[in-house]
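Everything on this sheet refers to the single structure shown next.
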């Protein structure tokens, strides 16, 4: 069978999380590492950053691609990206684990196929070069 896409990308927003857990870089990093392990990903590296006054961002590099997280304790929100170019990792198991680990009350997910190999022609799409410093949230 010929592979038609390069990988699968799952974006998960975990709402109603325990804010105290989302503030702790060690807890977030350990939870992400365990999620990667549970999903049977091959871990090759990690980096996590504690922000002040709170919030954590981090990434686990896996042989299959990456798993990243950004937390907003003040909103009880953790946003997780899991991208895999292999069928091996069980992405759902990782998201389910993180949902429990952060005590999320609600989870929204978006799944996207990445790198459609059936595309024959590259379209020339202009890149937006304006500064992004006026972003409205």
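The values are calculated or read from the model by the stated rules, or taken from the named source; none is laboratory data. No experiment lies behind these values; they were computed from the predicted model shown. Please note: Cβ atoms are built from the backbone with ideal geometry, for glycine as well, and neighbour counts cover all protein chains shown.
Can you say whether residue 52 is surrounded by fewer than 16 Cβ atoms within 10 Å (Cβ to Cβ) and touching a helix residue (DSSP H, G or I) at 6+ places or on another chain (Cβ under 8 Å), as far as the supplied structure shows? In short, no.
Out of the residues in the stretch 94-110 meeting the condition of being touching a helix residue (DSSP H, G or I) at 6+ places or on another chain (Cβ under 8 Å) and farther than 10 Å from residue 14 by Cβ, tell me which one is surrounded by the most Cβ atoms within 10 Å (Cβ to Cβ). Among them, the one singled out is 94.
Of the candidates 75, 15, the single residue that is farther than 19 Å from residue 100 by Cβ, modelled with pLDDT of 95 or more and in contact with a helix residue (DSSP H, G or I) (Cβ under 9 Å, 6 or more places away or on another chain) is 75. Counting only helices (runs of 4 or more DSSP H) wholly contained in the stretch 1-117, the ones carrying 1 or more residues that are under 14 Å from the mean Cα position of the chain (by Cα) and without any contact (Cβ under 8 Å) to a residue 40 or more places away in the chain occupy 25-38, 91-101.
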